[in-house]
1. Given a 1.4 angstrom probe, what's the average accessible area per residue across the range 12-115, in square angstrom?
2. In whole percent, what relative contact order does the chain give with Cα contacts below 8 Å and a gap of six or more residues?
3. Counting every Cα pair in the chain, what percent are over 17 Å apart?
4. Apply the Karplus curve 6.51 cos²θ - 1.76 cosθ + 1.60, θ = phi - 60°, to the phi angles in the range 45-59 and return the couplings in whole Hz, x for Gly and Pro.
5. Would you mind calculating the gained length between residue 64 and residue 46 on full extension (0.36 nm times residue separation, minus the Cα-Cα distance), in nm to one decimal?
6. Trypsin sites (Lys or Arg not before Pro), restricted to the range 1-32: which are DSSP loop and have at most 15 other Cβ atoms within 10 Å?
7. Carbon-plus-sulfur fraction of the accessible area of the chain, 1.4 Å probe, in percent?
8. What residues qualify as long-range amide H neighbours of residue 25, i.e. H under 5 Å apart, gap of 5 or more or another chain, H built at 1.01 Å from N?
Amino acid sequence: QLRLVESGGGLVQPGGSLRLSCVASGSIFRLYAAAWYRQRAGNERELVASITRDNDPVYEDSVKGRFTISRDHAKNTVYLQMNSLKPEDTGVYSCNSYPDRAIPWGQGTQVTVSS
């Protein structure tokens, strides 16, 4: 069974940048469309950005122009470059398959945007 490990979160000031990574335990991950999700305090987990097997990205309006999703099939890894971060981007970020979220969730990585 595939496992996902996210990393790269941290504390950053508004306007700052972070790059998140999600490493899958098997190469079969390349067969999935993938996505980054986030869960803000008191809210349901929400979609942030998705990417097809062929590297075509789609972004939610709240992050369009600021975030970039990409993937490296050779490394079984999906990335999320986050620029111009805002306090409302604070949350736990996780990756999974899209749209079915079929893989067991990893631990996620905490992103905190605060001055």
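The values are calculated or read from the model by the stated rules, or taken from the named source; none is laboratory data. All values reported here derive from a predicted model rather than from experimental measurement. Here the Cβ is made from the backbone with ideal geometry for all residues, glycine too, and neighbour counts use every protein chain on show. We work out accessible area using only protein heavy atoms, side chains counted, and drop any ligands, DNA or RNA first. Shrake-Rupley method; radii C 1.70, N 1.55, O 1.52, S 1.80 Å.
1. Details: 5230 Å² over 104 residues.
Result: 50 Å² of accessible area for each residue.
2. Working: 282 pairs, mean separation 43.3, N = 115.
RCO, the chain: 38 percent.
3. On the way: 3180 of 6555 pairs.
Beyond 17 Å sits 49 percent of the P(r) for the chain.
4. Ordered by residue, 3J(HN,Hα) equals 5, 10, 6, 10, 7, 10, 8, 7, 4, 9, 6, 8, x, 9, 10 Hz.
5. Numbers: separation 18, 0.36 × 18 = 6.48 nm, distance 1.47 nm.
Separation in residues times 0.36 nm, less the Cα-Cα distance, equals 5.0 nm.
6. Working: sites: 3, 19, 30; in loops: 3.
Passing sites in the range 1-32 are 3.
7. Numbers: 2770 of 5990 Å².
That fraction is 46 percent.
8. 3
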